[in-house]
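Derivation of every value follows stated rules applied to the coordinates shown; laboratory data play no part. As the structure is a computational prediction, the values presented were derived from the model and not from experiment. Methodologically, a virtual Cβ is constructed for each residue, glycine included, from the backbone with ideal geometry; neighbour enumeration extends over all protein chains shown.
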Amino acid sequence: MDGVHDMGGMDGFGKVVAEPNEPVFHAPWEGRVLAMQRAMGYAGAWNTDMSRFAQERLPPAVYLGVSYYKRWALAMEANVVGRGLASADEIATGHALRPGKTLKRKLSPELAAVGAPRGSFARATNRPARFKLGDRVRARNIHPQTHTRLPRYVRGHVGEVVLIHGCHVFPDAVALALDNEDPQWLYAVRFAGRELWGPDADPSVKVSVDAFEPYLDPA
Amino acid sequence: MAHDHDEHGSELSEMQLRVRALETVLTEKGYIDPAALDAVVEAYETKIGPHNGARVVAKAWIDPDFKHRLLADGTAAVRSLGHDNRVGDHLNVVENTPRRHNMVVCTLCSCYPWEILGLPPVWYKSAPYRSRAVKDPRGVLADFGVTLPADTEILVWDSTAETRYLVLPMRPSGTEGMSEDELAKLVSRDCMIGTGLPKAPGAH
């Protein structure tokens, strides 16, 4: 969806300001949010693209106005309720009022102690890759109402395939249903800065995105 | 601004209560184990951080074979370092040279190589960085006090999939004969994102 999350190239947000000696978490609840997200993902309650899509559907002013971990917490509540894992009245009272659903598995303290590393998103395929290194490709001009990982600023523009990452779970599909992985070939596609930002742009800049095959046409 | 400060303070207490309520519900439902949450928090506060990436960079600086493997397959090369360097899949390492500087961003959310750099700093997740890194990377570098020659090619990598990028910075001059541990101390988090350069030897 064409939301405010798709920020590449927007103006007016100001300078990048780094915080000296920044702590890992600015409040204990931030760590709980991160850990809950890890644990629920491991349990198979939802996947990472469902988390992203839930954030993208927050009202734009909310998305821009709250902190990173508050955005996560709001998206997590939306997924908990939206996927029937708990009801709004339970979250409001702070206690389970009905039994839970059965999830795939439960994150143990032992696995959590090594940070619960991400799984693999690569999938085997018999389908050959449509593009090879060096191919010129045009990012499609698509505007789905649902989740996609093709940023607006490259749509319609021509770039070059510089890496072939393999065949990966397709975010646009799996954001809508856990078992709908629809694996697709994934490429790094590099665009000249002037192709994206016009003739006045810095000629020394090139920008790449990781683009799934359905995002691309031959150019 | 006092007003902002007050709002921030009330958001904190509101969020503490709200997050505690969610954790209690999910625990009572049987979905999560609070002890596992404690362990995740502790891992990111004490074990997983930019020091992991700094060791990888320092090793690449002194071991040409490792560097070759790291650039060819970042995941496999980091994994070969063993137990202390767990890494998720799909790590791509991109090398800075005198002609080419790499910089990493995620414009759509905040994808970042957690397993090797820890959790991202607030600026990496902020709208200013996510919006400008792909359009005005030299301006962003200036915000960090970094100026590169005008003819240095700037390659920005927007992490739009589950691939993750780590910048292999150039080894600073004057570091000949330094040990891997000494070199690792020169490798800042920002230079592995591409918004900084390694420290000069003797600098603090």
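Inter-label distance, B:Arg79 to A:Val114: 1.2 nm, where each label sits 7 Å from its Cα along the C-beta direction. Listed by chain and number, the lysines whose C-alpha is less than 17 Å from the C-alpha of A:Lys106, apart from same-chain residues fewer than 8 away, are B:Lys29.
Each Lys and Arg contributes +1 and each Asp and Glu -1, all at the Cβ; summed about the Cα centre of the range A:82-163, the dipole is approximately 480 debye. Amide H contacts under 5 Å for B:Gly196: B:Cys191, restricted to partners 5 or more places along the chain or on a different chain, H placed in the peptide plane at 1.01 Å from N. Its relative contact order, with pairs defined as Cα atoms under 8 Å and 6+ residues apart, puts the range B:61-204 at 27 percent. The HN-Hα couplings worked out from phi for the range A:66-82 by the Karplus form 6.51 cos²θ - 1.76 cosθ + 1.60 (θ = phi - 60°) are 10, 6, 3, 6, 5, 4, 4, 5, 5, 5, 5, 4, 5, 6, 4, 6, x Hz, whole numbers, x standing for Gly and Pro.
Toward the positive end of the charge dipole of the range B:48-204, about the Cα centre and with charges on Cβ (Lys, Arg +1; Asp, Glu -1), which of B:Leu197, B:Trp157, B:Ser126 goes farthest? With unit charges placed on the Cβ atoms, the residue in question is B:Ser126. For the set A:Lys132/B:Lys59; A:Lys15/B:Lys125; A:Lys101/B:Lys47; A:Lys132/A:Lys206; A:Lys15/A:Lys206; B:Lys47/B:Lys199, the pairs lying more than 25 angstrom apart at their alpha carbons are A:Lys132/B:Lys59; A:Lys101/B:Lys47.
Modelled spin labels at A:Asp200 and A:Glu181, positioned 7 Å past Cα toward Cβ, are 4.8 nm from each other.
Exposure proxy shown here: for B:Met170, B:Met178, B:Met15, A:Met36, the number of other Cβ atoms within 10 Å sets the order, fewest to most, as B:Met170, B:Met178, B:Met15, A:Met36.
Each residue in B:Thr147, A:Thr102 was given a count of other beta-carbon atoms within 10 angstrom of its own, and listing them fewest first yields A:Thr102, B:Thr147. The local environment of B:Arg189, defined by Cβ-Cβ distances under 15 Å, has a net charge of +1 under the rule Lys, Arg +1 and Asp, Glu -1.
Once C-alpha pairs closer than 8 Å and six or more residues apart are averaged by separation and normalised to the residue number of chain A, the relative contact order reads 19 percent. Taking the fewest neighbouring Cβ atoms within 10 Å as the starting point, the ordered list for B:Thr27, A:Thr93, B:Thr163 is A:Thr93, B:Thr27, B:Thr163. Kindly provide the GluC sites (Glu not before Pro) of the range A:87-179 that DSSP labels as loop, not H, G, I, E or B, and whose Cβ sees at most 10 other Cβ atoms within 10 Å. Passing both the DSSP loop test and the Cβ count: no residue. The label point for A:Leu103 and the one for B:Leu17, both projected 7 Å from the Cα toward the Cβ, are 2.6 nm apart. Close amide H contacts of A:His165 (hydrogens built in the peptide plane, cut-off under 5 Å, sequence separation of 5 or more or a different chain): A:Leu186, A:Tyr187, A:Ala188. Using 1/(1 + (r/R0)^6) with R0 = 51 angstrom and r between the beta carbons of B:Glu182 and A:Arg57, what's the FRET efficiency to the nearest 0.05? It comes out at approximately 0.55. Within the shell defined by Cβ-Cβ distances under 9 Å, the residues around A:Val169 carry a net charge of -3, with Lys and Arg each +1 and Asp and Glu each -1.
The HN-Hα couplings worked out from phi for the range B:183-196 by the Karplus form 6.51 cos²θ - 1.76 cosθ + 1.60 (θ = phi - 60°) are 5, 4, 5, 8, 9, 7, 4, 4, 6, 8, 8, x, 9, x Hz, whole numbers, x standing for Gly and Pro. Counting only cysteine Cβ atoms and a cutoff under 4.7 Å, the protein assembly as shown contains unmatched residues A:Cys167, B:Cys109, B:Cys191.
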